[in-house]
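Notes to accompany the following structure.
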Amino acid sequence: MNKEIFLYNSLSRKKEKFQPINEGSIGMYVCGPTVYSDVHLGNCRTFVNFDIIYRYLNFLEFKVRYVRNITDVGHLEGDTDIGAEDKISKKARLEQLEPMEVVQHYTNGFHDMMRIFNTLPPNIEPRATGHIIEQIEMVQKIMDNGYGYVKNGSVYFDTLKFAKENNSYGKLSGRVIEDLLSETRDDLKNQGEKNHPSDFAIWIKADPTHLMRWNSPWSVGFPGWHLECSAMSTKYLGETFDIHGGGNDLKFPHHENEIAQNEGACKCSPANYWLHANMLLMNGKKMSKSVDPETGVSNSITPQELFSGDSPHITKGYSPMVIRFFMLQSHYRSTLDLTNDALLAAEKGYRRLMEANKILQDLKHPGNGSNADLDKEINSLINDAFVDMNDDFNSPKALARLFETVPKINGLRAGHLSFNDITGDTLARMKEVFNNFIFEIFGLKDETHATAGSNGNGALGGLMDLIIDIRQTARANKDWATSDKIRDTLKEVSIVLKDGKEGTTWTKE
Ligand code: AMP
Ligand code: ZN
């Protein structure tokens with residue numbers, strides 16, 4: 001197995017040969033969701049992208065420690081660092097819930113969605129509120145090193161001093177202090193009590209009505225948003241680790257400030273390789289929850305709407321694996337545009353791949369093949385699929401190699417191509433590689449044939465497992481409209497759902 005991989009490092013803005021700190025092991029930290037609302041499909045795309053990376057590194061037999069956090073405090077409205085309400089506090093206030101009820105509810109929903117998309121859980125999933133002590137310690141270290149200052153109980157990171165002494169603030173996003181100054185010149189209201197507009201809060205004094213607050217040497221307050229990732233990555237992966245990932249909207253200010261905090265605290269760089277996944281668009285525009293005043297429709301779609309087809313943006317529902325397939329058809333660093341046509345094409349592609357694999361797994365070699373051109377062609381396609389993955393995880397190219405192999409599979413079955421032209425070993429390798437790619441690396445599940453699911457019953461059983469899964473997620477999200485619609489529509493075709501302690505079962509009347 002060739003473990004020589006090349007990664008595009010956002011820090012150096014070029015592809016680099018990957019060299020783990022400890023031979024054979026990898027520490028990877030990915031910024032997780034802020035759990036104040038349902039995950040949207042854009043979030044899912046980022047986590048599916050990193051799931052494919054995690055799966056591939058595992059496949060290459062690296063020992064990976066994958067840490068993905070849950071942000072449950074400190075992320076303020078408008079992604080600012082001062083002067084706005086904490087997103088989770090706000091939700092708790094509006095819904096009259098404990099902040100931890102909000103956190104638990106949306107964390108459960110996030111986990112359900114990750115399972116539906118068949119993403120593997122991280123090895124460690126730390127929460128910001130569970131690591132307040134570590135965050136206070138980090139603020140103290142930053143203060144001890146002279147990069148923090150206190151104003152009225154809040155602590156700010158001194159970006160000017162840091163930039164002067166380290167010559168480095170802005171190295172990830174490419175924004176230098178002067179640019180930041182001119183960008184923020186019109187926006188001095190955001191400066192508040194900071195010495196400089198580009199400084200950012202690392203500890204925020206809470207006003208008396210703030211729901212989540214902790215004692216600290218500076219005030220009763222809460223940590224700044226960027227701090228949790230610095231503190232938790234250090235705790236679980238060490239001061240310097242291999243890979244840090246997230247969506248590319250996090251590059252600035254979140255990741256830039258993470259780097260400053262880590263360097264400010266330990267005088268060492270946190271991650272050697274920074275990987276950024278690109279955004280999900282819909283109909284060419286960034287997916288967003290805000291409503292277009294002209295059309296009255298928002299340019300966004302929830303996973304549930306995609307599954308059920310209940311959205312003006314699509315003509316029908318698509319299964320989770322079709323959506324996963326759709327996602328892996330584009331490289332993680334490219335934008336991906338969700339359109340109904342693209343989803344229809346993905347559905348066809350997914351079925352074609354699954355069908356071809358079934359045919360392939362059933363092929364039997366008669367036993368007297370040779371190492372002819374066909375054999376070489378197949379082997380080189382397979383080898384190239386791995387070369388593509390080693391080249392910054394190029395899943396669309398690797399997928400294209402599998403598709404180029406499909407006519408060979410069909411030809412062998414139909415007899416247009418001869419088994420005399422491939423060896424038994426090549427056929428066996430092809431079978432293994434298809435299974436590896438489809439199920440282990442791409443993380444697809446076969447929804448195209450009957451699965452003997454909990455409800456048995458062949459194709460219908462598989463379908464019903466899927467529908468019940470979708471309804472379960474709707475219910476977990478208190479989306480009663482979708483949940484009722486599923487139950488009532490099934491009733492119209494004489495399928496009755498029964499909710500019990502052990503989950504939901506169904507019967508056909
Ligand atoms: P948040 O819950 O807002 O902190 O976001 C969780 C993750 O989803 C982050 O890594 C974001 O960069 C990512 N993300 C947010 N919006 C999108 C989008 N439209 N497309 C892809 N990733 C996104
Ligand atoms: Zn983060």
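The values are calculated or read from the model by the stated rules, or taken from the named source; none is laboratory data. For clarity, every value in this text was computed on a predicted model and none was experimentally measured. We place every Cβ from the backbone using ideal geometry, glycine too, and count neighbours over all the protein chains shown. These area figures cover heavy atoms from the full protein model, side chains too; ligands, DNA and RNA do not enter into them. Shrake-Rupley method; radii C 1.70, N 1.55, O 1.52, S 1.80 Å.
Could you state the orientation-averaged shadow area of the convex hull built on the Cα atoms of the chain, in nm² to one decimal?
27.3 nm²
With the Cα gyration tensor of the range 307-441 in hand, give its eigenvalues times 5 under a square root as the equivalent ellipsoid semi-axes, listed largest first in whole angstrom.
Its equivalent ellipsoid spans semi-axes of 31, 17, 11 Å.
How large a share of the accessible area of the range 19-277, in percent, is made up of carbon and sulfur atoms when the probe is 1.4 Å and the other protein chains stay in place?
46 percent
Relative to the present Cα-Cα distance, how much length would full extension add between Gln361 and Ile495 at 0.36 nm per residue of separation?
Value of the extension gain: 44.8 nm.
Under a point spin-label approximation (7 Å from Cα along Cα-to-Cβ), what is the Ser37-Asn145 distance to one decimal in nm?
The two pseudo-label positions are separated by 3.5 nm.
Once the piece of chain linking Arg352 and Asn167 is laid out straight, how much longer is it, given 0.36 nm per residue of separation minus the C-alpha distance between them?
That pair, Arg352 and Asn167, stretches by 61.3 nm at full extension.
222 nm [θ] for the chain, helices only, -39500 (n - 2.57) per DSSP H run of 4+, per residue, to 500?
After summing the helix terms and dividing by the residues of the chain, the value is -14000 deg cm²/dmol.
For Glu77 and Leu120, what does the FRET efficiency come to when R0 = 41 Å and r is the distance between their Cβ atoms, rounded to the nearest 0.05?
The formula returns an efficiency of 0.80 here.
Accessible area per residue of the chain at 1.4 Å probe, in Å²?
Per-residue value: 44 Å².
What percent do you get for the relative contact order of the range 458-508 when only Cα pairs under 8 Å and 6+ apart count?
21 percent
If the chain between Thr335 and Ser418 were fully stretched, how many nm would it gain, using 0.36 nm times the residue separation less the Cα-Cα distance? Write out the running numbers ahead of the final one.
Values: separation 83, 0.36 × 83 = 29.88 nm, distance 4.14 nm.
Answer, rounded to one decimal: 25.7 nm.
What value in Å³ per residue do you get for the convex hull of the alpha-carbon atoms in the range 458-508? Present the calculation step by step, with values, prior to reporting the outcome.
Working: hull volume 3.5 nm³, N = 51.
Enclosed volume per residue, from the Cα hull, is 69 Å³.
Mind giving me the nanometre distance, one decimal, between the label points for Glu137 and Thr209, set 7 Å out from Cα along Cα→Cβ?
3.6 nm
Determine the distance separating the Cα centre of the range 105-165 from the Cα centre of the range 292-354; give it in Å without decimals.
Value for the Cα centre distance between the two parts: 33 Å.
So for the pair Glu101, Ala372, with labels modelled 7 Å out along Cα→Cβ, what separation do we get in nm?
If labels sit at Glu101 and Ala372, their model points lie 7.2 nm apart.
At a temperature of 20 °C and a viscosity of 1.002 mPa s, determine how fast the range 19-277 diffuses translationally according to Stokes-Einstein, using the Kirkwood radius over alpha-carbon pairs as Rh; express D in µm²/s, rounded to the nearest whole number.
Value of D from the Cα-based Kirkwood radius: 114 µm²/s.
Calculate the radius of gyration of the Cα atoms of the range 25-140 to one decimal place, then report Dmax, the largest Cα-Cα distance, as a whole number, both in Å.
In Å, with Rg to one decimal and Dmax whole: 15.5, 48.
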